[in-house]
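Data first, discussion second: the structure below is written as structure tokens.
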Amino acid sequence: MIKFHPTPEHLQQFVKGTLSPVESLMISAHCDMCARCQSRVEMMTADYANTEIEQAVQSYDPDFDAMLASITQQPAAERASQIKARRNSTAIELDGKTFELPKTLHRLVKKKGNWSSLVGKLWQAPVDLGIDGVANFIYIEKGGTVPEHTHRGSEMTLVINGEFSDGLNDYDSGDLIYMTGDHTHAPRSDAPEGCLVFSIVDQPLHFTSGLARLLNPFSHLFFR
Amino acid sequence: MLVGIPLEHENSAIEPKECAVEMSQYLIKVAETRCKASFSRVFGYFAPRLRSYALRQLGNEALAMELVQDTMSNVWQKAHLFDSEKGSPSTWIFTIARNIRFDMLRKLQSRKEDICADDLWPVLCEQTPDQNETSLDEQVTLDQIELLFNELPEKQKVVIQAIYIDGKSQQEIADELDIPLGTVKSRTRLALQRLKGMLSEYD
């Protein structure tokens, strides 16, 4: 059962579109796996649309007539053909095992690098998201342990398949786990099938640079 | 700028629920008949509201108008993706605007993350059936094909059976039937065209 969910504040920011892309990706993937958060997001979206659009003060612009005329000149979008020529892969494989990914992460299959073996019973495959942090699929075989560590910035981990424990808690498929410098832990999996997680560790050095913040008027929306 | 002063007819007396029903009907008309009059009602209602949302979000009139334009263009072009079962017109239109805003800000900041709004909120993606639905669809289609296959002319049936059921190559079939390869190819093409035509009638 899923025990670890994003906070209501995070869900709210996700709905508004003000959360960072990386956190939004994690929340979107969590919602693929978590019916509870998915329905919360739907409700929040309807509420937010109601206050932000339906109840909004109307703001007219003299250019609206021209805009309307130019839009209705445009053709309708072509509808996608019934049969998709080629469906992208929706699963990743390791050592003969196949792991189906949540929908949001399907696009990552193409961006995944090769699996490499870390210290005993740990496997890692990087995902190139063009982010300043590092994104990885990590697979812990049964009995595998990640050496105890803490986090310089923050770490987000989504359990995709299996179970693991870290001395603080037990985690199951669908759990979304936030870790910061305050946490020290040593993840370990004793599940027969091991455990596949998707993890993003950010490098806050770059993000908290005062200069970048000053230069960028929108930074408060993305940088924590 | 005339904030809050309606330029044309305004439905302020109408309850939100009725308004949602009304707007849904306009959107459906736009989808079905490209009805410009219906779209102008949708535009008249939502554009001023979107503009005030966009101004609050972006704090810049030019950007705000760009957001309104992109959002309403999508509504016009992709009205067929609106589904009143899933939510109200204002929710749908908000999600389109929210996605465009998200990508606008990414571009303005020239952020290099390869994560765009469509990945996070696939509002305007054509519905792709999930795996269970697909297999059901394919099942139905296979049943249909079997029925239709029996209606093919005998010569075409033989070729299609050999290729798609027995897994033979066109050359093998030409050799077996002692006919030119070109004939096998044209029979295959004709048969497939015919099946395709029959399937679309069947739908």
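A few comments on the model shown:
- For the stretch A:20-44, accessible area lost to neighbouring protein chains reaches 30 Å² or more, against the chain alone with a 1.4 Å probe, at A:Pro21, A:Leu25.
- Probe 1.4 Å - accessible area at A:Ile177, Å² to nearest ten: 10 Å²
- Comparing the full protein assembly with the isolated chain, the residues of the stretch B:84-104 losing at least 30 square angstrom of accessible surface (1.4 Å probe) are B:Ser90, B:Thr91, B:Phe94, B:Arg98, B:Arg101, B:Phe102.
- Overall, the accessible surface of the stretch A:8-72 at a probe of 1.4 angstrom is composed of carbon and sulfur to the extent of 53 percent.
- Extent of the stretch A:1-47 along its three principal axes (Cα atoms, max minus min coordinate, largest first): 29, 24, 15 Å.
- Excluding ligands, DNA and RNA, the accessible surface per residue across the stretch B:161-200 is 66 Å² with a 1.4 Å probe.
The values are calculated or read from the model by the stated rules, or taken from the named source; none is laboratory data. What you see is a predicted model; the values in this text were computed from it and never measured. Ligands, DNA and RNA are excluded from the accessible area calculation, which covers all protein heavy atoms including side chains. Shrake-Rupley method; radii C 1.70, N 1.55, O 1.52, S 1.80 Å.
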